[in-house]
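The values are calculated or read from the model by the stated rules, or taken from the named source; none is laboratory data. Computed from a predicted model, the values in this text were never measured in an experiment. All Cβ positions, glycine included, derive from the backbone under ideal geometry; neighbour counts span all protein chains shown.
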Amino acid sequence: MPPLPYAPEVYDPRRIAYAAELARGTERFHEPRREDCPWCGSGRLRTRLSAPDLLQHKPGSFTLDQCRDCGHAFQNPRLSAAGLAFYHRDFDEGDPDGLADPALATRRSHRRHRGDAHLLRGLGEPESWLDVGTGHARFPAAAREVFPYTSFDGLDPTPRVRRALAAGRIEEAHVGHLADPEVTARLRGRYDVVSVFHHLAHVPDPRAELRGALAALRPGGHLLVELPDPRCLFALLLGKWWLPHGQPRHLHLIPLRSLRAELESWGCTVLVTDRRTPHTPNDLSAALALFFARLLPPADAPWRSAPPSALQRGLRALLNALTSPLVDAAALVDLLLSPVLRHVPGLSNSYRIVARKDTA
C-alpha cells in the first residue's frame, strides 16, 4: 500500500480501506471484454463512448459499446460483481438518489409518482403490487394514495428497502435481484402489478430480470417498465455528459423496440408504449453540472489519498457559486423545452411500456 499523508484527518478507516483497494488497481474490477451483443448475439459492435466516473469521481475508465444490428448499448468490458460493489459503495449516502451533487438530483416528485400510478387506474384496483429497484420506496408511498387498498411490496439489491419497510412505505421488503432463482421462487405468481422504473439499466442480465418480473406476475397481471431511451437525440449529442449514460453504474441501455419484441415473444400483450410522459427535463442542466463538477477542484471523499487543502476547498466553493447560476439557467431551458421534447419523436429521454401477461 502506498504511504499515506501525515495529516491526522487522513487516518480514518474508510480512507485506509480505499487506499488498500486502489493500490491493487481498478483493472481487476472488469470482466473479459465480449465480442458479441449480449441481447441479440451479433458481432457487429461499435464503441458508443468512453467515460470516467462522473458522479463519484472514483478512479477508472469505462466503455459503452453498441450493437449495429439491434441498437443495444452495454458496458464492455462489464464490471464484475466486485467492481459493481466497489463503484456502488457510498453511492447512497447523503442524497436519497445517491447523487453526489444536488444539481444532478433527478428524483421524481411525489406528484409525478402519483401520476405514474394513475397510468394503471383504468385497469382496476390491484390486490398486490411489487416495485422492483424500489430504493427508498417513494413510489409505493405515493401510489398508495391512488390505490389505498393495494398491498405494496418492494424489491431492491440494497438494504434501503429494509429502511423503507421500517418507515412504513411498503408491507414486505425483499433484498436481491429477480434474476436470482431463490428470489423468483419466493415471489412467483404473487402480484397483479410489477413496476420496474429505470432498474434494468443497472442489472448484469436485464433479460433474466424481466423473466423474473413476469414470473412474479399472476396470469393477466401487468408489467410496467420505464427506461432511458438510448436513441434519444440528446444521448447522441451530449455523449458521456448525458446523465442516463451513467457510467460505471449503468450496464445496459435497451431500445424500446427490443424490449417490446422481447415481451411479445414471451406471450405478453403490449398495451402502452409511451415516450412522452416519462421524459425528465434535465438533459442540459445535468450535463452542465457534470461538466463543471469535472472541472472543479475535487471534493473530499474517502477514495482520495488526501483531503483537499483549505485553498482547494475555498476555490471549489467560489467556482461552485459562480457556475451554479449557469446550471440553474440550463434547468430553466430544460423546463421550457420540455413540452416540445415530450411530443417530438426522438427527443424524449425516457420511454415506458405497459404489458399484460397473457400466459401462466
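Here are a few things to note about the model shown:
- Beta carbons closer than 6 Å, at least 6 apart along the sequence or on distinct chains, pair a first residue in region 317-328 that is closer than 12 Å to Ser285 by Cβ with a second that is modelled with pLDDT of 90 or more and surrounded by 12 or more Cβ atoms within 10 Å (Cβ to Cβ) for Thr323/Phe292; Val327/Ser285; Val327/Leu288; Val327/Ala289.
- Residues of region 209-245 satisfying the condition of being farther than 17 Å from Asp334 by Cβ and part of a loop (DSSP other than H, G, I, E, B): Pro230, Arg231
- Any hit, region 233-241, residues being in contact with a Gly (Cβ under 9 Å, 6 or more places away or on another chain) and either of a type in the set (Gly, Ala, Ser) or in contact (Cβ under 8 Å) with a residue 24 or more places away in the chain (or both): yes
- Of the listed requirements (1) polar (S, T, N, Q); (2) touching a residue at least 60 places away in the same chain (Cβ under 8 Å); (3) under 30 Å from Ile254 (Cβ atoms), Ser338 misses just one: (2).
- When Ala73, Ala137, Ala173 are screened for being among the hydrophobic types (A, V, I, L, M, F, W, C) and modelled with pLDDT under 95, only Ala137 passes.
- Considering only residues in region 22-46 that are at pLDDT 95 or above and more than 21 Å from Asp205 (Cβ to Cβ), the one that is surrounded by the most Cβ atoms within 10 Å (Cβ to Cβ) turns out to be Arg44.
- Single match in Arg249, Arg257 (criterion: within 27 Å of Ala51 (Cα to Cα), surrounded by fewer than 14 Cβ atoms within 10 Å (Cβ to Cβ) and charged (D, E, K, R)): Arg257
- Members of region 184-209 that are surrounded by fewer than 19 Cβ atoms within 10 Å (Cβ to Cβ) and over 22 Å from Arg89 (Cβ atoms): Ala185, Arg186, Arg188, Gly189, Arg190, Arg207, Ala208
- Total residues in region 185-208, condition part of a helix (DSSP H, G or I) and not small (Gly, Ala, Ser): 6
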